[in-house]
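Notes for the one structure printed next.
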Amino acid sequence: MKCRTCGAEISEGSECCSCCGAAVSSVAGDTKLYGAPGTSGDTRAIGAMGVTRIYQEKDMGKTVVYKPREKKKPIFGWLVVTEGPDAWEEFRLDDEDGQNFLGTGEGCTLRLQDEKVERMHASVRLKGGTLTVTDLDTVSGTFVNDEAVTRVELRDGDTVRAGDTVLRFRKC
């Protein structure tokens with residue numbers, strides 16, 4: 001027996017063509033139905049048109065939830081760890097005046113895993129478009145561009161070292 005759609009040879013007892021998927025019917029114009037009508041996976045062979053799959057969006061199991069997007073805060077810059085246990089960790093600095101703490105303590109927004117960094121090692125403060133790093137009286141100190149600092153304004157490309165961790169500041 002030959003397929004009415006593609007002309008391929010169909011073995012006896014087959015219900016559909018192995019080449020094109022068209023249903024095999026003994027009477028021209030017959031329609032065979034596989035699966036429950038109106039459900040996903042409903043397969044119908046319609047005359048000589050071949051097999052048609054009918055999918056309804058409600059049967060696809062998709063749930064679409066639309067909600068307003070939260071407006072993201074503008075970014076002032078990044079501190080990227082280039083050396084140390086947290087290598088390639090990235091800390092985003094929002095373009096909002098405020099203070100962040102660098103250290104290993106749980107209250108630090110710039111939290112590191114370096115054992116040589118103290119719990120509250122340094123303060124990173126953004127105020128009026130200026131980013132300032134202040135050492136918080138640590139034993140090992142805080143270094144900016146390999147110079148010990150108490151308080152310094154960061155510029156794009158500066159490196160900050162605390163313990164064995166080196167961070168590079170990039171401004172947007």
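Read-outs: derived from the displayed coordinates by stated rules, not from any lab. From a predicted model like this one, the values you see are computed outputs, not experimental measurements.
Separation of the alpha carbons by more than 24 angstrom is noted, of 116/171; 72/171; 73/127, for 116/171. Near the amide H of residue 82, within less than 5 Å, lie the amide hydrogens of 88, 166, 167, 168, all on another chain or at least 5 residues away, with H placed in the peptide plane. Remark: segment 16-23, residue by residue, has Karplus-estimated 3J(HN,Hα) of 8, 6, 6, 8, 10, x, 5, 6 Hz, where x stands for each Gly or Pro and the curve is 6.51 cos²θ - 1.76 cosθ + 1.60 at θ = phi - 60°.
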